[in-house]
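Trainee: Sharing a structure below in C-alpha cells format, with a few things to ask.
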Amino acid sequence: MRSRLAWLAAALSAFSLLSACQQEEAPVNKASLPPVAAPPYICDYVPLDAVRLMTGVHDPIVRGRFNMSTSDDGGSGGCFVYQPTGNKLKVLDVTLSPGGSQKEAEFQISQGAQRLPEIVPGSVGYYGQDSSAGNTQAAATLVRGDDLLIVELVRGVKGRDNAADVVALMKLVAPKLILNVTPSPNKAKG
C-alpha cells in the first residue's frame, strides 16, 4: 500500500510540474527588425528573418510574388504569410498595386493615422494599430504616384511593438518594391 501511495504521490508531483512548465510562455523577443534587408528572402523582396521576428512564425507557409513590370500599370503582386500548422491562418500580407492616392493618404493622416517618415522620395504614408486590448494587428500604407504598398500584420506577437514592426518592414521592402517600378508619365501626378 505504501509503495502505491508513494508512486501516486510521485506521479501527481510529476504531473503538476509538467502542467506548470506547459503554462509558462516563451519570453517575447523584443529585438528590433534588422535595419537592412538581407537574405534569405520570401517572395523575392521580403526578408524572412524580419517576418519570423514580427509574426513569431519560424517556418511560415508563403504564397505570392511581385511583378515588377514597368508598364503603365506599374508593379503589382503580393506576399502572403501563413502559420504552417493548425488552421493555417494568415499572419502577414504585403501588397503592391497600382491605384494609390496621395490625397487619400493625406486624408487618413488628417483623421488621426500616424504619418510614416519619408521612406521613398516623393512618397507619403501612414500607419496604425488596432487599439483593442490584446490585439496585435497593425498596418502601414505607402503611396508614391499611383503605386500603393501595404504591409498588414494580421497577427503579430503579443508584447512586441507591432506598429513599429510594420513601419520597419515597410522601410525594408519599399525601396525595392516602389523604387524598382518606373512610374509612367501619367503616374507622376499625385
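Trainee: Would you please classify the overall shape of the range 59-168 from the alpha carbon gyration tensor, given that a ≥ b ≥ c denote the square roots of the eigenvalues, rounded means a/c under 1.5, and beyond that prolate means a/b larger than b/c while oblate covers the rest?
Mentor: Oblate shape, in that a/c is at least 1.5 and b/c is the bigger or equal ratio.
Trainee: Next question, about the same structure. What percent does the relative contact order of the range 109-172 come to when contacts are Cα pairs within less than 8 Å and at least six residues apart?
Mentor: Relative CO of the range 109-172 lands at 27 percent.
Trainee: Order Y41, Y82 by their accessible area, 1.4 angstrom probe, all chains in place, largest first.
Mentor: Y41, Y82
Trainee: Rounded to whole Å, give me the distance from the Cα center of the range 92-134 to that of the range 137-183.
Mentor: The distance from the Cα centre of the range 92-134 to that of the range 137-183 comes to 8 Å.
Trainee: Probe radius 1.4 Å, ligands and nucleic acids left out: which of F107, F66, F80 has the largest accessible area, and how do the rest follow?
Mentor: Descending accessible area places them as F107, F80, F66.
Trainee: Let me ask something else. Checking the a/c ratio against 1.5 first, then a/b against b/c, what shape does the Cα gyration tensor give for the range 105-153?
Mentor: Prolate.
The values are calculated or read from the model by the stated rules, or taken from the named source; none is laboratory data. Every value quoted in this text rests on a predicted model; they were computed, and no experiment measured them. For accessibility, only protein heavy atoms count, side chains too; no ligands or nucleic acids. Shrake-Rupley method; radii C 1.70, N 1.55, O 1.52, S 1.80 Å.
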